[in-house]
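Where a number appears in this text, it was derived from the coordinates with a stated rule and is not lab data. Being a predicted model, the structure only gives us computed values, none of them experimental. Cβ placement follows ideal geometry from the backbone for every residue including glycine, while neighbour counts extend to all protein chains displayed.
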């Protein structure tokens, strides 16, 4: 009995030990999540360990449906590998590995958004020990490039509610992209009654998201230069990514608060005759604003720019630019003062013609009213005679008479000038300008023309008369620059004296012309006389060369003027000629003694050196003689060698 109980005890212990072995320990390790782009392959790894060893285990893959149920898609043991039919993964999964190394990899091809599920790997040991691991599959789709569109119309600062600024949109992303608005690189946050951001999310049939965001704001004048853009952020297997849109500007309409008006051209001072270009600008930006420019005299122009041509001093004054908001009829204005410089015509005192007696003084003034400093210069016959507004003429003479011109200029402006004239007449008795010739020789029956130039004011009366009591009227009379020129023609019948008599209210003057009548005679042929130069010893003085004059018939003498000469002048001329001949003889003698000049035969030039030193020969030849007479140094005549 005892032996039987002992055997039952041993059998029970064996069964107990066998039961403990069925509870083998199985550990499964898997990643929490696997991320992959849509359309790519997903690889889910299952790593396990078992106290029974890694061989001969049963492996199963499941996925959790969206309703929370487990759905088996794969089975594997030491004898078979089975892919379950009728699942979404039947044709797209494969399992790599036998489990002998404790690693099993599930590969899903062409991953779609619906594949974003939880997958379970179950490992069952031979002794019924079981372990499992879970991995979530995350699927991503990169969205397209974002777009931004601003409002095409301007936004008024006077709007009571936020106005639409623009819209930003990004399409076909997964998971849902996020849009953030920026202004000048600063994120825009929603604020009640000031900033409003309204997102719109659209889900396509493919499961992809499109997001659209609309920004509305109450704008201020300071926003006129702001830059707006959108930032889009989205998730990817590599992490969070970001992209931006291009920037946009908006047009902000705001009323004017200040207006300015200025002269664009010319720069600097303005003078009469210039063209003025006026510009007007306001700091507002409303289409309903009207700009106008007006002058204090009542003229106005509905424009931002006005050109005034050929301006005068009447165009001086205040010009006002006005900006009017036609929505509220509010006005803002600004002004500027324009001054047009001027130069009036010159005023000369005394005016026109003025008379002054000889020896007296005359003071004249020239002034021109101007808005600027002026400079005055007086001219006579183009020559500057005085500077300043006053012209002082002292001790007047006939040379003082004439036309004076004053020129008034404005140094600050080139070409800005005016002028006036003053004609000065000097009263005095006639004054005949001494003629160059007062004696004439004329043939009988010829006409002699006599001219008499007279100065004086009033213009003298000129009367011609002759010594035989005849009077003549001048054939011509001209008055040039205060000089009266009288010309008369008188027929010569004998010797006579002609008188030019000039007179006016202040006196008389006269000049006489002596005319000698000559007979006309024929002109005979002329002959030539040669004169020998004698040999002179060094100690002796050189005598004057003998000059033989042969009587020559007097030719017909044309009318000639004989200038009066004093006898002293004639004597001086004769003495000078004698001295020159003496010097010439000395030079010739010196050259002869030095052997520098000789000439025994042939024609010799006085300045040319020859071999013979015996004779100095001078040839004097006339066109009317056929033979030249050569004079030797000793005074002997020598015939010319042919």
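For segment 347-428, the relative contact order works out to 38 percent when only alpha carbon pairs closer than 8 Å and six or more residues apart are counted.
Take the Cβ atoms of residue 344 and residue 451, set R0 to 41 Å, and the FRET efficiency comes out at 0.30. How many angstrom separate the Cα center of segment 311-369 from the Cα center of segment 114-130? Using only Cα atoms, the two centres lie 108 Å from each other.
Our estimate of slack between residue 414 and residue 519, defined as 0.36 nm per intervening residue step minus the Cα-Cα distance, is 30.8 nm.
Cα centroid separation, segment 153-175 to segment 176-196: 10 Å.
Here the spin labels are modelled as points 7 Å beyond Cα on the Cα-Cβ line, and at residue 145 and residue 573 they lie 11.3 nm apart. Kindly identify segment 304-434 as rounded, prolate or oblate by the Cα gyration tensor criterion: order the square roots of the eigenvalues as a ≥ b ≥ c, call it rounded if a/c is under 1.5, otherwise compare a/b with b/c, prolate if a/b is larger, else oblate. Verdict is prolate for segment 304-434.
Using Cα-Cα distances under 8 Å and only pairs 6 or more residues apart, what relative contact order does segment 22-140 have, in percent? List each step's numbers first, then the result.
Numbers: 295 pairs, mean separation 46.8, N = 119.
Computed over segment 22-140, the figure is 39 percent.
Put a dot 7 Å past the Cα of residue 112, heading toward its Cβ, do the same for residue 383, and the two dots end up 11.8 nm apart.
The distance between label points at residue 103 and residue 198 comes to 5.6 nm (points 7 Å beyond Cα on the Cα→Cβ vector). Classified by the C-alpha gyration tensor, segment 22-140 has a prolate form. Its axis ratio a/c, with a ≥ b ≥ c, is 1.5 or above, and a/b is larger than b/c. What the Cβ-Cβ distance of residue 91 and residue 212 gives, at R0 = 35 Å and to the nearest 0.05, is a FRET efficiency of 0.40. Available extension along the chain between residue 328 and residue 390 is 15.9 nm, counting 0.36 nm per residue and deducting the alpha carbon span. A Förster distance of 45 Å, applied to the separation of the beta-carbon atoms of residue 176 and residue 275, puts the FRET efficiency at 0.10. The residues 282, 479, when put in order of fewest to most other Cβ atoms within 10 Å, stand as 479, 282. Is the shape of segment 433-518 rounded, prolate or oblate, going by the alpha carbon gyration tensor and its root eigenvalues a ≥ b ≥ c, with a/c under 1.5 for rounded and a/b larger than b/c for prolate? Since a/c reaches 1.5 and a/b is larger than b/c, the shape of segment 433-518 is classed as prolate. Subtracting the Cα-Cα distance of residue 476 and residue 443 from 0.36 nm times their residue separation leaves 9.5 nm of extension gain. Taking a spot 7 Å from the Cα of residue 436 along the direction of its beta carbon, which residues of segment 489-510 have an amide N less than 20 Å from it? It comes to 489-490, 500, nothing else.
What is the distance in Å between the Cα centres of segment 501-517 and segment 445-488? That distance is 8 Å.
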